[in-house]
Amino acid sequence: MVILVTGASGQLGQAIRHIASDTADCQFIFASSTDLDITNQERVNHFFENNRVDFCINTAAYTAVDKAESEPEKATLINVFGAKNLAIVCKKNNVKLVHISTDFVFDGSSDKPYLETDEPNPLGVYGKTKLEGEQAIIAHLEEYFIVRTSWVYSAFGNNFMKTMLRLASEKDSLNIVSDQIGSPTNAVDLAKALLSIIKSNSTQYGIYNFSNEGIASWYDFAKEIFRINKVSIAVNPIDTTAFPTPAKRPKYSVLDKTKIKTTFKIEIKSWQEALQQTI
Ligand code: NDP
């Protein structure tokens, strides 16, 4: 089985590469944005014509949530047209697509974990373009798995955990938002879940949620990062209103994982255990 990973230099791409050597029965092609620009339709077609691919994991995305508010065209190009290009080329070449999406497709007004079937209502450009990317895939391809995830961190790339550790080495105290609630996701656990989906040979295509188990605020997440790393720093909880950002974020974005757990027999660790393992 040949698995193409797009956006391979990003955080999730690197996490997949990290576990690829444990997956002896699969051959991987890791394509960075310079190897394969998913917005270049001609290049994408050419790539698939010249490489045998069974599954494509699309981790490529425009992920700068705040910057997207001032760069909607660029975010649309990558998150919508890039996803559409891949869906069309996958259909043409009989390739199954595993595409990553986000909790930011929801507005956060719920008070119980979001199901895959709940109505999306993104608050900002990033979430809107990610939702439109999902819709483009659904419109052009039948054999897809769209996996929505949240609060991804790892030893790779830029993420909240690494930002916290850097800031702790520069400051005496930190103010962290405590009124946004979600679930942290270890990128390596997400990568393993994606490979479980692929290896299952399942034809139960559709949208799935994945994060680690349990809920946290950014404040809880930061406190746990410092506790496990034995970093001594004052951490103060603050409201979102005290930390204004260009993009609005959902207040509550916990995802219900029942569907992915029962369909693919995946066991999911608590976010605290996953964080401990990462550190
Ligand atoms: P990163 O930003 O770390 O990686 C994204 C990668 O996409 C980068 O390597 C980037 O390359 C690449 N890319 C950008 N434009 C193109 C293009 N036109 N063609 C090919 N590659 C391109 O993101 P993550 O790995 O953290 O995210 C993976 C997925 O998970 C994304 O779909 C994201 O929306 C989703 N997600 C992430 C969350 C998070 O907290 N990180 C939360 C929820 C969902 P380059 O750097 O060279 O531009």
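The values are calculated or read from the model by the stated rules, or taken from the named source; none is laboratory data. Since we're looking at a predicted model, the values are computed, not measured. Glycine also receives a Cβ, built like all others from the backbone with ideal geometry; neighbour counts cover every protein chain displayed. For accessibility, only protein heavy atoms count, side chains too; no ligands or nucleic acids. Shrake-Rupley method; radii C 1.70, N 1.55, O 1.52, S 1.80 Å.
Relative to the dominant Cα principal axis of the chain, helix 11-20 is inclined by about 60°. With all projection directions averaged, the alpha carbon convex hull of region 42-114 covers 6.2 nm².
The three principal axes of the Cα atoms in region 1-128 give end-to-end lengths of 44, 31, 25 Å, sorted in falling order. Computed from the alpha carbon atoms alone, the convex hull of region 16-72 holds 109 Å³ per residue. By how many degrees, 0 to 90 and rounded to 10, does the Cα axis of helix 160-170 deviate from the longest principal axis of the chain? It works out to around 40 degrees.
D by Stokes-Einstein for region 193-279, Kirkwood Rh over Cα pairs, 10 °C, 1.306 mPa s: 101 µm²/s. In this structure, the pairs whose alpha-carbon distance is over 20 Å, taken from 128/248; 96/199; 92/128; 112/261, are 92/128.
Using a probe radius of 1.4 angstrom, the carbon and sulfur fraction of the accessible surface of region 1-145 is 47%. Computed from Cα atoms, the angle from the helix 187-199 axis to the main principal axis of the chain rounds to 30 degrees. Measuring max minus min along each principal axis, the C-alpha atoms of region 89-208 give extents of 55, 31, 24 Å (largest first).
Each Lys or Arg adds one and each Asp or Glu subtracts one; over the other residues with Cβ under 11 Å from the Cβ of residue 246, this totals 0. Each other residue within a Cβ distance under 11 Å of residue 180 adds +1 if Lys or Arg and -1 if Asp or Glu, for a net charge of -1. Of the accessible area of region 147-279, with the probe set at 1.4 angstrom, what percent is carbon plus sulfur? Carbon plus sulfur share of accessible area: 49 percent.
Relative to its Kirkwood radius, the Cα radius of gyration of region 214-263 gives an Rg/Rh of 1.09. One quarter of the convex hull surface built on the alpha carbon atoms of the chain amounts to 14.0 nm², the projected area averaged over directions. Using heavy atoms of the protein chains and a probe of 1.4 Å, the accessible area assigned to residue 183 is about 0 Å². Calculated accessible area for the chain comes out at 46 Å² per residue, all protein chains present (probe 1.4 Å; ligands, DNA, RNA ignored).
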